[in-house]
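Notes follow the structure.
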Amino acid sequence: MSKANLLLSVGNKITQIDHVIVSNYGIFVIETKNYKGWVVGNEFDDNWKQVIYKHKEKLHNPIKQNYGHIQALKEVLSDFKDIKYISK
C-alpha cells in the first residue's frame, strides 16, 4: 500500500509527508525534492545550500525533515511498537 502527500496532525503541529509505502519490510518514508544546480550539505547540517551560478539559497536538510516525519508517524502509530521505519 502506498500514499502520497500525507498530512498528519500531531499535537499542535501538522507535517506533510511526500510518500509512505507500507510493506512486509516496514514503512518506507520518502522525501522527494526537485532541486536544480548544486546542492551542498551533509546529514548533520540543519540547512543545506543550493547554488545556481552565483545565486545561493538556504534549504532545510531533507534528512532531518524526514526524521521528523518518522517521529510523527511513530506517535500516530504508537500502538504498533515493532514497526520498522525506513527513511529514503
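Points to keep in mind about this one:
- Relative contact order (%) - criterion: Cα under 8 Å, at least six apart; region: the chain: 26
- Acute angle (nearest 10 degrees) that the helix 62-76 long axis makes with the longest principal axis of the chain, alpha-carbon atoms: 20
- Proximity of backbone amide H atoms, modeled 1.01 Å from N, is registered between residue 60 and 48 at under 5 Å, excluding neighbours fewer than 5 places apart on the same chain.
- Calculated over the stretch 43-88, the projected area of the Cα convex hull averaged across directions stands at 4.0 nm².
- Cα convex hull volume per residue for the chain (Å³): 111
- Dipole check for the stretch 2-87: with +1 at the C-beta of Lys and Arg, -1 at the C-beta of Asp and Glu, and the Cα centre as origin, the magnitude is about 340 Debye.
- Calculated mean residue ellipticity, 222 nm, the chain: -5500 deg cm²/dmol, from DSSP H runs (n ≥ 4) at -39500 (n - 2.57) each, averaged per residue and rounded to 500.
- When the Cα positions of 71, 34, 19 are compared along the charge dipole of the stretch 2-87, 34 comes out farthest toward the positive end, with charges on each C-beta of Lys, Arg, Asp and Glu.
- Across the stretch 1-44, the mean sequence separation of Cα contacts (distance under 8 Å, 6 or more residues apart), normalised by length, yields a relative contact order of 28 percent.
- Placing a label point 7 Å from the Cα of residue 3 along the Cα-to-Cβ direction, the residues of the stretch 59-86 with a backbone N closer than 11 Å are 73, 76-77.
- Separation of the residue 75 and residue 36 label points, Cα + 7 Å toward Cβ, nm: 3.6
- Residue-span extension gain [residue 63 to residue 45] - 0.36 nm each, minus C-alpha spacing: 5.5 nm
Every number here is computed from the coordinates shown, using simple stated rules; none is lab data. Being a predicted model, the structure only gives us computed values, none of them experimental. Ideal geometry is used to build each Cβ from the backbone, glycine not excepted, and the neighbour counts take in all protein chains shown.
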